[in-house]
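Q: One structure, as structure tokens, below. Some questions next.
The values are calculated or read from the model by the stated rules, or taken from the named source; none is laboratory data. Treat the numbers as computed from the prediction; the structure is a model and nothing was measured. In this analysis, Cβ positions are derived from the backbone assuming ideal geometry, glycine residues included, and neighbour counts consider all displayed protein chains.
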Amino acid sequence: MPGNEESVISFLVQSLQNEKPLNLPIIGCLKEVSMPIKEDKKIVRNTSDLKNFSSNDRYKKADVYLNDFGISLKEECAPLYNKIQRKHLPNLINYLFPNKLDLVDKTISLLDLEIDKVNQGSNRDIQWSKIFSENDFRELLYFLMMRGYADTKISSHQVDYILIAPKKISHENIHEIKVLSFEEYFERYKNKIMIAARRIWIGSNSNSENKRAYSISKSELNKEWIYKNISGEPRQWDKSFPIDDRREIFYLNINS
């Protein structure tokens, strides 16, 4: 499990296993911990059972269920959504804002300009306010964090609340846990949230990165974010790969 998910869930299950249930903000006295599985969820009574659950299901927004509330687990600084490709943007924006007919072209044009700047050496973090109004960004982020995905698929495990906990949770710092609605989360952290331009390279020595880069490059709608100009470098280039065929490819993450 990425981030602090494993340690937090283990801590919560351990508290029930030891018959020392915790009192959490909003959720109240913790009585049940469940893990999402396909279209259902399963109660977890022992920390040893957690090894049977995978965090690799991309159609799972809720990391865990606490007293039947779908919970997304975060640290104070955390990735909020990863790997938005340029090809996702037209359908995603039209899905969320069907009455704003010019928003697709406006958003993509602004992002194209910012990605060009990053490829020329500018900072990779893009202020969301350069691209979206506050209301539009709030609605976009709500969908991506709580309900669905950049390809507009809807999660079978949606989020009711966001739980923010220390990376290494213990009884000494349990008072630092916050349980927030999306609106509360956005108001608290909106000035720290960034759209992050991320690079991968065709010609990298990493087989998995090469595959992902080639996959992204196959879509015509992604072509504007594929560059012959190389402004960064992977950990290692494939020395057998022709230098002239190397490409730098961008996608977007949203981070706090």
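Q: Given the criterion of a type in the set (A, V, I, L, M), out of contact with any His (no Cβ under 7 Å at 6 or more places or on another chain) and farther than 30 Å from LEU66 by Cβ, identify the matching residue among ALA196, ALA165, ALA213.
A: After applying the criteria, what remains is ALA213.
Q: A further question follows. Hey, can you tell me all the residues within region 197-234 that are closer than 24 Å to CYS77 by Cβ, surrounded by fewer than 17 Cβ atoms within 10 Å (Cβ to Cβ) and among the small types (Gly, Ala, Ser)?
A: Matches in region 197-234: GLY232 only.
Q: Six or more apart or on different chains, Cβ atoms under 6 Å: show the pairs whose first residue is in region 33-50 and of a type in the set (A, V, I, L, M, F, W, C) and whose second is part of a strand (DSSP E or B) and surrounded by fewer than 17 Cβ atoms within 10 Å (Cβ to Cβ).
A: Within 6 Å, the pairs are MET35/LYS42.
Q: Further, regarding this structure: Go through region 1-29 and count every residue that is outside any helix (DSSP H, G or I) and among the hydrophobic types (A, V, I, L, M, F, W, C).
A: Selection size over region 1-29: 6.
Q: Could you go through region 77-99 and let me know if any residue there is basic (Lys, Arg) and part of a strand (DSSP E or B).
A: Yes, the conditions are met somewhere in region 77-99.
Q: Among the strands (runs of 3 or more DSSP E) lying completely within region 30-73, list those that include at least 2 residues that are touching a Leu at 6+ places or on another chain (Cβ under 7 Å) and either over 16 Å from VAL159 (Cα atoms) or at pLDDT 90 or above (or both).
A: Answer list for region 30-73: 64-66.
Q: Shifting gears a bit: Determine if region 156-165 includes at least one residue that is surrounded by 14 or more Cβ atoms within 10 Å (Cβ to Cβ) and of a type in the set (D, E, K, R).
A: Yes, that holds for at least one residue.
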